[in-house]
Every structure is written in structure tokens, then in C-alpha cells.
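The values are calculated or read from the model by the stated rules, or taken from the named source; none is laboratory data. Nothing here was measured: the structure is a model prediction, and the numbers come from that model. A quick note on method: Cβ atoms are made from the backbone with ideal geometry, for glycine too, and the neighbour counts reach across all protein chains shown.
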Amino acid sequence: MPAVTEPKRYGDELAVVTVTYSPGETLERFLDTLGKATGRPVRVVLADNGSTDGAPERAAEREHVTLVRTGANLGYGAGANRGVAELGDEYGWIVVANPDIEWADGALDTLLEAADRWPRGGAFGPLIKNPDGTTYPSARLLPSLGKGIGHAVLGKVWPRNPWTTAYKQSDTEVVERTAGWLSGSCLLLRRTAFDSVNGFDPRYFMYFEDVDLGDRLSRAGWLNVYVPSAEVIHIQGHSTARASTAMLTAHHESARRYITDRHPGWKWAPIRAAVNAGLTLRLKLETRSAG
């Protein structure tokens, strides 16, 4: 019989990995508020995908902040993987977060406390507020064909349609619970869980890498846990505001990849063709309105 490989054992130290791409002044706010989010010492790794604004270099002058140049614009998931690879075995807890997150006081400690309550929890996500104070639906069901198509077709014109409401869990009570997936804009990850699925799938350049991760964690026996007692604000859009058409294209390509990956083989070929046609049409309509 082949030898059973024991999972690598990690320490209890905490690291934060953020993927930067000309993040501007938001990165300073990210680091300033992080200092109040936990009482634990934190190492921060900036996985830089080719910034030209000097913000990562300035941030790296801070103590315990390390700048890692990825060498190209690898995308979010691959950039995060590169940052995690920089960490030693003493780091058993990893936060992957966008550089335009602002942390509420004690938010990270609250996530770590929840991890103690959920020993099979692989990923933990906070309640995410928009800058206007509204809550972003960051803990959702995995997209099924039915809910996914209903949400894609009607989400813009009828935001409260039953498929979008169910997918986003809009009517679900805001309590600590498991979810199908959690927003990748701010995640606490148990490193053994992250390792067990080989991290983010680098084929997703941007968008759906968090949906894919949540699905693969669940399949591997881990839980995705929503912890609304921990709060962050997601400013959003600094590095992507200048490239809305490119971002729309990336979103649709990632959606196509996710559906294709989960419905392989000849039996699903008609469904894949229909979904691809629908996504192509939706992209044309959205890029026309964005232009």
C-alpha cells in the first residue's frame, strides 16, 4: 500500500497577504486599520502584480511588511498564492484581503475566535460593508445552473427576483453560519485547508476564484463560515475603475470557466453551449452600456 502523507503541521502565527496593483492611498488605510484589528503580531506580505504608483514600496518601509514582486500581472488568485508561498511553516493562519479593505477594531481577532468554534472551518469571512454603510452580500450559495441563469438574466433589471435573492442569501438572517462560498475580498484561511486544495486556481485571472475556492474547500470536507460579528469596509474599485470593459470581460470569462469545469463531458455540451451564448450576449450588452 502507498504511504499515507501526513498534512504539514503549521504554527499558530498570523500573516496577511494582499495582492497589489497600483493600490494608491487605500493601502495605507488598510495597514493603519489592520493594526487595530488584532492584538496579535502580524506579518504582512504585499504580492505586487506590477504597481507603478509607488504605494507598495512606501508601505514596505513599515516594520513587518514585505514586498514580493510577482514579475507580472498574475491576477488575484495566482498573486495570493505567490504571497502565501513566501511564508514559513510558523504561519498557520492566513488572511487574504484586498488592499482597499478597512478593518473595524478587533475584526481579525473576532474571526480567529470563530475559528476556535469551528474546527472544520477552512475559510472565515466577515460582514463586509460598502462605503455608504450598506451590507454587501458576501456569504452566498454556490451558483447552480437554475439560480445562476436567473440571477445573470434578471439581476440587473429585477434585483429582488427570487433567483438573485436565493443566490445572494439576501433574506437570510445575519448570523454566524456556513455558506457555499465567501467573498475573496477578505478571508481568514486555515493554512492546512488552503494547502489541501492547492490554494486558488490560477486559471481564474479575476472573479470567481473565491467561488471556486469555496466549492473546492467544501468538497474537501472543510466549511466556509460567515462571521458577521467581524466587520470590514470594502472601498472597492481603485485599481479597476479605469478598466471597466476589461473587468466585465474577465468576469464573464471566469463565469464561463466555472460552469465548464463543473459540467464536463458530452452530456453537458448543449447546456455549456447555451450558457456560453447567454454569457456572450450579456457581455455585449453590458460593455455597450459601460462604453
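Name every residue in the stretch 114-126 that is over 13 Å from the mean Cα position of the chain (by Cα) and either closer than 19 Å to Ala104 by Cβ or at pLDDT below 95 (or both), in order of residue number.
Ala114, Ala115
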What number of residues within the stretch 213-222 are over 28 Å from Gly133 (Cα atoms) and in contact (Cβ under 8 Å) with a residue 40 or more places away in the chain?
6
Scanning the stretch 101-121 residue by residue, the ones that are under 11 Å from Ser229 (Cα atoms) and β-branched (Val, Ile, Thr) total 1
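Quick grid of which residues meet (1) modelled with pLDDT of 95 or more; (2) closer than 28 Å to Phe208 by Cα; (3) of a type outside the set (Ser, Thr, Tyr):
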residue	(1), (2), (3)
Glu13	yes, no, yes
Leu34	yes, yes, yes
Arg40	yes, no, yes
Ser51	yes, yes, no
Val68	yes, yes, yes
Leu87	yes, yes, yes
Thr110	yes, yes, no
Taking Val68 and the conditions (1) part of a strand (DSSP E or B); (2) surrounded by fewer than 18 Cβ atoms within 10 Å (Cβ to Cβ); (3) of a type in the set (A, V, I, L, M, F, W, C), which numbered condition does it fall short on, given that it satisfies the others?
(2)
Within the stretch 46-65, restricting to residues that are out of contact with any strand residue (DSSP E or B) (no Cβ under 6 Å at 6 or more places or on another chain) and in a helix (DSSP H, G or I), the one that is surrounded by the most Cβ atoms within 10 Å (Cβ to Cβ) is Ala55
Restricting attention to the stretch 132-145, does a residue exist that is acidic (Asp, Glu), in the same structural domain as Val211 (by TED's automatic domain parsing), at pLDDT below 95 and farther than 30 Å from Thr70 by Cβ?
yes
Could you please tell me which pairs satisfy a Cβ distance under 9 Å, a separation of 6+ or placement on different chains, a first residue in the stretch 59-79 that is without any contact (Cβ under 8 Å) to a residue 40 or more places away in the chain and closer than 24 Å to Ser183 by Cα, and a second residue that is of a type in the set (Asp, Glu) and part of a loop (DSSP other than H, G, I, E, B)?
Val68/Glu86
Unmet requirement for Arg43, which otherwise passes all of (1) in a loop (DSSP other than H, G, I, E, B); (2) more than 19 Å from Tyr76 (Cβ to Cβ):
(1)
Subset tally (residues that are buried (at least 24 other Cβ atoms within 10 Å of the Cβ), more than 26 Å from Gly54 (Cα to Cα) and out of contact with any helix residue (DSSP H, G or I) (no Cβ under 8 Å at 6 or more places or on another chain)) for the stretch 78-112:
1
